[in-house]
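Engineer: Here it is: the structure, laid out below.
The values are calculated or read from the model by the stated rules, or taken from the named source; none is laboratory data. Because the structure is a prediction, the values reported are computed rather than measured. Ideal geometry is used to build each Cβ from the backbone, glycine not excepted, and the neighbour counts take in all protein chains shown. To get the accessible areas, we keep the full protein, side chains included, count just its heavy atoms, and leave off ligands, DNA and RNA. Shrake-Rupley method; radii C 1.70, N 1.55, O 1.52, S 1.80 Å.
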Amino acid sequence: EGAQQEARRSLTAAAPAMRLSTSFVPTLREDPTEAEALSHKLMLRAGLVRQLAAGIYVYLPLGQRVIDKITAILREEMNAIGGQEITMPVLHPAEIWQKSGRWEGIPEIFRLKDRFGRDMCLGMTHEEVIAWLAAREIRSYRDLPQIWYQIQTKERDEARPRSGVLRTREFLMKDSYTLDRDVAGLDRAYVAHAQAYRRIFDRCGLRYYVVQSD
């Protein structure tokens, strides 16, 4: 109950009031035929999103307000553990992905060429950019630890977009990267992030489960 109250306070305080009489809120009375997931149906009926193409969505004013409120919570909790927000580009040169060995063998990467014929891609993740940046800017172990995070658009050539905004071709992600002196520092950073994520979910009023990943 306390978490739910905190979530309501946080989400209410993050955006100014809006007049319903002049707001663009195109609600639907019936479930859309193209929606299968319950969350997708509710978002469409409530006027939060509209689907432009398979896995590609327009976030309408109410949907954007939800995003703004959630990102405000994300920034507060990430900053609280020493995170520093950066913004990395969506468009990447192929060279950094070729150097990491991930250019080939990942069919979900959107690949393209610029007008000069140079290979480029749209970022589905940003480890390569972080490695490029750190290699140029971190001069000594005294510069560590660092926590860099961003809230950025990702692109993924998803073979089967489904479940509304849960599995899409374009999506907004909060990703965080830590640079540490040693394994012990990495472990401390992991614990700090795990605690931050718990606080984020609690403040959003979500029920969640912590599981081990591969």
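Engineer: Could you list which residues have their amide H under 5 Å from that of F110, counting only those 5 or more apart in sequence or on another chain, with H placed in the peptide plane?
Structural biologist: Placed amide hydrogens put L122, D157 under 5 Å from F110.
Engineer: I need the phi-derived Karplus couplings for the stretch 75-89: 6.51 cos²θ - 1.76 cosθ + 1.60, θ = phi - 60°, integer Hz, Gly and Pro marked x.
Structural biologist: 5, 4, 6, 5, 5, 5, 9, x, x, 10, 7, 10, 10, 9, x
Engineer: Taking 41 Å as R0, compute the FRET efficiency from the Cβ-Cβ separation of D187 and E108 and round it to 0.05.
Structural biologist: Efficiency at R0 = 41 Å is approximately 0.85.
Engineer: State the extension gain, in nm to one decimal, for the chain segment bounded by Q98 and D68, taking 0.36 nm per residue of separation less the distance between their alpha-carbons.
Structural biologist: 7.3 nm
Engineer: Taking amide H positions as placed 1.01 Å from N in the peptide plane, with prolines and chain starts having none, which residues 5 or more places from R162, or on another chain, fall under 5 Å of its amide H?
Structural biologist: R167
Engineer: With each run of n ≥ 4 DSSP H residues scored as -39500 (n - 2.57), what mean residue ellipticity at 222 nm is computed for the chain after dividing by its residue count and rounding to the nearest 500 deg cm²/dmol?
Structural biologist: Result for the chain: -11500 deg cm²/dmol, rounded to the nearest 500.
Engineer: Next up: So between E36 and F24, what do we pick up on full extension, going 0.36 nm a residue minus the alpha carbon distance?
Structural biologist: Working it through step by step, the gained length comes to 1.9 nm.
Engineer: Out of all Cα-Cα pairs in the stretch 22-116, roughly what percent, to the nearest whole number, are more than 20 Å apart?
Structural biologist: Every Cα pair in the stretch 22-116 considered, those over 20 Å come to 62 percent.
Engineer: A follow-up question, please. Give me the 1.4 Å probe accessible area per residue for the chain, excluding ligands and nucleic acids, in Å².
Structural biologist: With the other protein chains kept in place, the chain gives 66 Å² per residue.
Engineer: Among V183, Q84, Q212, flag the residue with its Cα farthest along the positive direction of the charge dipole of the chain, charges on Cβ as +1 for Lys/Arg and -1 for Asp/Glu.
Structural biologist: Q84
Engineer: While we're on this one: If you plug each phi of the stretch 103-120 into the Karplus form 6.51 cos²θ - 1.76 cosθ + 1.60 with θ = phi - 60°, what whole-Hz ³J(HN,Hα) values come out, in order, with x for Gly and Pro?
Structural biologist: Per-residue couplings from phi come out as 5, 9, x, 10, x, 7, 6, 6, 10, 7, 10, 7, 5, 9, x, 7, 6, 9 Hz.
Engineer: If you don't mind, another one. Using the Karplus curve 6.51 cos²θ - 1.76 cosθ + 1.60 with θ = phi - 60°, work out ³J(HN,Hα) for each residue of the stretch 57-70 in order, rounded to whole Hz, and write x for Gly and Pro.
Structural biologist: Running phi through 6.51 cos²θ - 1.76 cosθ + 1.60 with θ = phi - 60° gives 10, 9, 8, 7, x, 5, x, 5, 5, 4, 4, 4, 5, 5 Hz.
Engineer: While we're looking at this one, here's another question. Collect residues whose amide H, placed 1.01 Å from N in the peptide plane, falls under 5 Å from the amide H of L60; neighbours closer than 5 in sequence don't count.
Structural biologist: Residues meeting the amide H criterion: V49, R50.
Engineer: How much length would be gained if the chain were fully extended between D157 and Y59, taking 0.36 nm per residue of separation minus their Cα-Cα distance, in nm to one decimal?
Structural biologist: So the extension gain works out to 33.3 nm.
Engineer: Give me the percent of accessible area attributable to carbon and sulfur for the stretch 57-142, probe 1.4 angstrom.
Structural biologist: In the stretch 57-142, the share of accessible area belonging to carbon and sulfur is 56 percent.
Engineer: At R0 = 25 Å, how high is the FRET efficiency between E127 and Q195 if r is their beta carbon distance? Nearest 0.05 is fine.
Structural biologist: After rounding, the FRET efficiency stands at 0.65.
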